[in-house]
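Have a look at the structure below, then the notes.
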Amino acid sequence: MDKFLVLFITFSSSAALAAEKAGMPQLNPESWIPQIFWLALTFSVLYLVIAKIALPRLSESIEQRDDHISDHIDEAKNLKNQAEKKYQEYLSLIENAKKEAKDLINENKKKLQEEFENKKKELNTKLEVKLEEVDKEIQSFKKEAIQNIGSISSEVARELVQKISKIEANKASVNAIVEEVSKNYLKELN
């Protein structure tokens, strides 16, 4: 340490002497050695301060920032993956809901068709029963009408013969004539 102090005093005194002389001391060859010494000392101290203090702090700060950024990137990737999974779940839920809706629609459609067919069969059977009843009624009405026509016709014919000819007509002969005419007429209808 003493040597350092002696060197310091020596070089500082020579710098002071150089400053007293006229002219620029940087260009004076006598002051170059102290200038080189101070230059080396200053840059060495500056280098040591930067290398041992500033650069480690900067590199530590950069590493922390890189770690922080990489953590955020990893978190963003995780969130992206989660969002994609949720989106896929959403799409599968929608697809399942569509399938269920189609199944329900088809099932209800089948049920409605079956109900329609059953109702149609019921109505057809009821209609057939009603048609048979109506047909029976028509047939019975025809038979009654034919029978009544025969008796009415016989009665009308007998009365006509009486009014026209003023002769009492035989009921049996008039009935036989009316029956024969009505049979011929019915044959023509069928």
- request: Mind checking which of 112, 148, 164 is farthest towards the positive end of the stretch 112-170's charge dipole, using Cβ charges of +1 (Lys, Arg) and -1 (Asp, Glu) about the Cα centre?
  value: 164
query: Looking at the stretch 39-125 from every direction and averaging, what is the projected area of its Cα convex hull in nm²?
result: 7.1
- request: First measure r as the distance between the Cβ atoms of residue 179 and residue 125, then evaluate 1/(1 + (r/R0)^6) with R0 = 35 Å and state the FRET efficiency to the nearest 0.05.
  value: 0.30
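All of the numbers you see were taken from the coordinates with simple rules; none came from a lab. What you see is a predicted model, and the numbers here were worked out from it, not measured in a lab. Because the Cβ atoms are built from the backbone with ideal geometry, glycine has one as well, and the counts that use them run over all protein chains shown.
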